[in-house]
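A short worksheet on the structure shown next.
Any read-out appearing in this document is the output of simple, stated calculations on the displayed coordinates, not a laboratory observation. Keep in mind the model is a prediction, meaning the values are calculated, not measured. Glycine also receives a Cβ, built like all others from the backbone with ideal geometry; neighbour counts cover every protein chain displayed.
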Amino acid sequence: MALRGALRTELAEAVSSCKLLVVGAGGIGCELLKNLVLTGFTNLYVIDLDTIDVSNLNRQFLFQKKHVGRSKAEVAKESVLQFCPEASITAYHDSVMSPDYDVEFFRQFTLVMNALDNRAARNHVNRMCLAADIPLIESGTAGYLGQVTVIKKGVTECYECHPKPTQKTFPGCTIRNTPSEPIHCIVWAKYLFNQLFGEEDADQEVSPDTADPEATWEPTEAAARANASNVDGDIKRVSTKQWAKSTGYDPIKLFHKLFKDDIRYLLTMDKLWKKRKPPVPLDWAALQNKENISLDPPHNDASPMGLKDQQVLDVQSYAQLFFESVHILKAQISKKGDSASLVWDKDEAPAMDFVTAAANLRMHIFSMNMKSRFDIKSMAGNIIPAIATTNAIISGLIVLEGLKILSRNIEQCRTVFLNKQPNPRKKLLVPCSLDPPNANCYVCASRPEVTVKLNVHKVTVQTLQDKIVKEKFGMVAPDVQIEDGKGTILISSEEGETDANNDKYISEFGIRNGSRLQADDFLQDYTLLINILHSEDLGKDVEFEVVGDAPDKAPPKPAEESSKSIANGSDDGAQPSTSKAHDKDDVTVVDSDEETPSSSNTDVNMEGTSLKRKHSDDEPVSSKRKRLEPQEEEDDEDIITLD
């Protein structure tokens, strides 16, 4: 079935003998596997940790309803072999970040193609391909937007050559005291689920924040006025989970605490409401008797018509949904035992009902337009709607770039952007030349080095390991030693070897301003030198900052040149975000369930569906493309032009 006749003999032979690894068997991965075998690739390896969910079936066409719950990689292999039985496909139901897939594993391949959906895995595959010196084709989609780029050690930028935008987070006092957007209420509702039924996290507290710097009311006066909030329900200021358990998860008592007592307590913080509309507490009994209370909700964004999940209900209905979902979740956690906890999942109906109800009740209290279950699921689940045709286009472009590499014409490879609408030159697909490696990249430079600003008296070894070395710099199993002439081991990848150091401040090991650390990840074959810059002037809640180029490195590029590098479109964080430029757009979500654009040059910021661009919406291309406009005529064969 393969279309080998369309390829030159030499290229067809290279395709048939190519040993290729596909990382990811989801939206792009399914389309890509189909394209590869029909092009003539017969020696394929595919790895994916996920299992098939019902929500995948509308676009991941290799899967059917009977496959729900099974390994994506295994079922993708079975499905492809049905229409291309001569192919040799090896499937791994596993994480590509497992130590089993080391540099030697990657070296066996001619080419690696990414179809991933999270930044950590992308960072890891990028480093493994650099270490193995294997070409990598990176890709991503988000809604109607997509992108493909090629990464080759020493020839092009790597995935980490430029910093990616961090997810937008919200101050705790905004979530707990003064929500102003629906997303704030949705985040609060997800926190509430974890506080009641999941694993408690001090950073996800939902009760009023008395430490809010804006709420500088007189404590003695407020205490007297807040007394009323402790009378109804005999509520003590204890942890949310403790109190909920003491009531037997009574939904009415929970309702009164969350939507009446806590709100009345917030109203005692006078200064919060001088320039804001104050919240209006809800009363369970009053809601059950519609004739005795005026509950005219703000204008909502949807009519009662339409699909059930797309309807916006009234306050009474959301109160009833809250009541019912608490009962179901209480039964679920009771079955698991006293110390058990639940994990929030957007595809679990009771969990989704709980967040929908709690978020909408809070929106109503703070005079916001309530949202449908569909909209809340999109925001709470961090979903950018997946478009099957986008995946199909991007997977086709991946194969085309792969054919260029196998033809040994890597200089003809491009980063290709798929836009939502044609630009003024009527181009929907816009190719850009690949940039050379960033000399100051802390991953692919000849001697990777960074400078980190932190307070050595406040940062623990645990923070250094988890938040800096692993989370920020993407190492999987790091070993960190101090360059003090003694080779003092601060962090070891051997389990338990340096656990005694975890709670100690790094200053206790002689680390001070100007100290240097060497971090090694032997799995990634990666070494990073970290220069410590001690500072006591970091912002509030800021534990550390990466302050740019390390000492003795080349100066940064001129402003006009650096402007071409727009931050990566992928945002894998777990929190929803918003953009001030698009307040009217309420779909403010991140980290799609599909693959998000990944090259360091993309102009699409997937922190939300709002897009950050240097051009107007009518010309959604990066400044880099503008620089290359004169070259694009010679690449017309790669461009779709709409008349």
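So here's what we get for this one:
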item: Lys19-Val155 FRET efficiency (beta carbon distance; Förster radius 30 Å; 0.05 resolution); result: 0.90
item: For peptides 253-262, 517-526, 320-329, sequence by mean Cβ density within 10 Å, most packed first; result: 253-262, 517-526, 320-329
item: Farthest positive-ward along the stretch 392-504 dipole, Cα basis, beta-carbon charges - from Cys432, Ile489, Leu403; result: Cys432
item: Length released on extending from Thr9 to Glu471, taking residue separation times 0.36 nm less the Cα-Cα span; result: 161.7 nm
item: Over 18 Å [Cα-Cα, the stretch 1-150], rounded percent; result: 57 percent
item: Peptides ranked, highest mean first, by Cβ atoms within 10 Å: ranges 93-101, 531-539; result: 93-101, 531-539
item: Whole-number percent relative contact order across the stretch 401-556, with pairs defined as alpha carbons under 8 Å at least 6 apart; result: 26 percent
item: Spin-label pair Arg447/Ala286, simplified geometry with 7 Å Cα→Cβ offset, distance in nm; result: 7.0 nm
item: For the stretch 50-98, alpha-carbon Rg over 2.2 N^0.38 Å; result: 1.16
item: Inter-site label distance for Glu348 and Ser535 at 7 Å from Cα along Cβ, in nm; result: 4.1 nm
item: Percent of beta bridges antiparallel (DSSP, the stretch 442-554, rounded to nearest 5); result: 75 percent
item: At most 15 other Cβ within 10 Å, DSSP loop - trypsin sites (Lys or Arg not before Pro), the stretch 372-479; result: Arg408, Lys420, Arg425, Lys426, Lys458
item: Distance in nm between pseudo-label sites at Asn118 and Gln518 (7 Å out along the Cβ direction from Cα); result: 3.2 nm
item: Check: the stretch 412-552 dipole with +1 on Lys, Arg Cβ and -1 on Asp, Glu Cβ, in debye; result: 1200 debye
item: Neighbour-limited loop hits for GluC sites (Glu not before Pro), the stretch 469-535 (at most 10 other Cβ within 10 Å; DSSP other than H, G, I, E, B); result: Glu494, Glu495
item: Charge context of Phe366, other residues only, Cβ under 11 angstrom, K/R +1, D/E -1; result: +2
item: Per-pair calculated FRET efficiency, R0 = 35 Å: Glu200 and Phe61 via Cβ, rounded to 0.05; result: 0.25
item: Relative contact order (percent, whole number), the stretch 42-198, Cα cutoff 8 Å, 6+ residue spacing; result: 15 percent
item: Cα-derived Rg to Rh of the stretch 324-443, Kirkwood definition; result: 1.21
item: Per-residue ³J(HN,Hα) for the stretch 69-84, Karplus 6.51 cos²θ - 1.76 cosθ + 1.60, θ = phi - 60°, Hz, x for Gly and Pro; result: x, 8, 5, 4, 4, 5, 5, 4, 4, 4, 5, 5, 5, 5, 10, 9
